[in-house]
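Colleague: First, the structure itself, so that you have it in front of you.
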Amino acid sequence: MLNEITKKINCNEYLNSLDCWYGIRPNGEEYYTAYWFMKDSDGVSSVPYAGDLEQGVRIGAFETKENAIEKIKLSAAPDRAIVLYERESSEVGSDLYFSFTPQEIIKAA
């Protein structure tokens, strides 16, 4: 349990040092979507990221976690971080179901 808490704190501290990064968040029960995150004076915003079509990498809105990670690794800019997010609650009716927290730094910037 302590390792999970430390990992979350380290992810949040790391993200505080970045201006932008790629992220993968749950989208439905078993699926994930890639996003591009940007930080500015208003906070953090995100937009869906579809991959690098010039390199032939297309990331769909409903990818398995493994496919989303592999595809974003292939298409992400080499100097940008990739972060995996998970839901704060897996219960559909919960207020935290649509709240996401960084869980793992897949690739550091």
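Colleague: Let me cross-check T101: its accessible surface, 1.4 Å probe, with only protein heavy atoms counted, in Å² to the nearest 10?
Modeller: 20
Colleague: While we're on this one: Please work out how much accessible surface F62 shows to a 1.4 Å probe, ignoring ligands, DNA and RNA, in Å² rounded to 10.
Modeller: 130
Colleague: May I pose another question? Can you classify the chain as rounded, prolate or oblate using the Cα gyration tensor, where a ≥ b ≥ c are the square roots of its eigenvalues, rounded means a/c under 1.5, and otherwise it's prolate if a/b beats b/c and oblate if not? Walk me through the numbers on the way to the answer.
Modeller: Numbers: a/c = 1.59, a/b = 1.18, b/c = 1.35.
Oblate is the answer for the chain, as a/c is 1.5 or above yet b/c matches or exceeds a/b.
Colleague: Considering only the range 5-88, what is the antiparallel percent among its DSSP beta bridges, to the nearest 5?
Modeller: Antiparallel bridges make up about 80 percent of those DSSP assigns within the range 5-88.
Colleague: Would you tell me the accessible area of Y35, worked out with a 1.4 angstrom probe on the heavy atoms of the protein chains, in Å² to the nearest 10?
Modeller: 40
Colleague: Separate question: Quick one: how many lysine pairs does the range 1-90 have with C-alpha atoms less than 20 Å apart and a gap of 8 or more or different chains? Give me the count, please.
Modeller: Working: K7/K65; K8/K39; K8/K65; K65/K73.
The result is 4.
Colleague: Calculate for the chain the 222 nm mean residue ellipticity that helices alone would give, adding -39,500 (n - 2.57) per DSSP H run of length 4 or more and normalising by residue count, nearest 500 deg cm²/dmol. Don't skip to the answer; put the middle values down first.
Modeller: Values: 2 runs with 26 residues, N = 109.
Theoretical 222 nm ellipticity from helices: -7500 deg cm²/dmol.
Colleague: Can I ask one more? Report the longest stretch of the chain that contains none of the GluC sites (Glu not before Pro) sitting in a DSSP loop with at most 11 other Cβ atoms within 10 Å.
Modeller: 31-90
Colleague: Given +1 on the Cβ of Lys and Arg, -1 on the Cβ of Asp and Glu, and no further charges, what dipole in debye does the chain carry about its Cα centre, rounded to the nearest 20?
Modeller: Working: 11 positive and 18 negative charges, 48 e Å.
The dipole magnitude comes to about 240 debye.
The values are calculated or read from the model by the stated rules, or taken from the named source; none is laboratory data. Since we're looking at a predicted model, the values are computed, not measured. Neighbour counts run over all protein chains shown; Cβ positions are idealised from the backbone, glycine included. These accessible areas exclude ligands, DNA and RNA; they are computed on the full protein's heavy atoms, side chains included. Shrake-Rupley method; radii C 1.70, N 1.55, O 1.52, S 1.80 Å.
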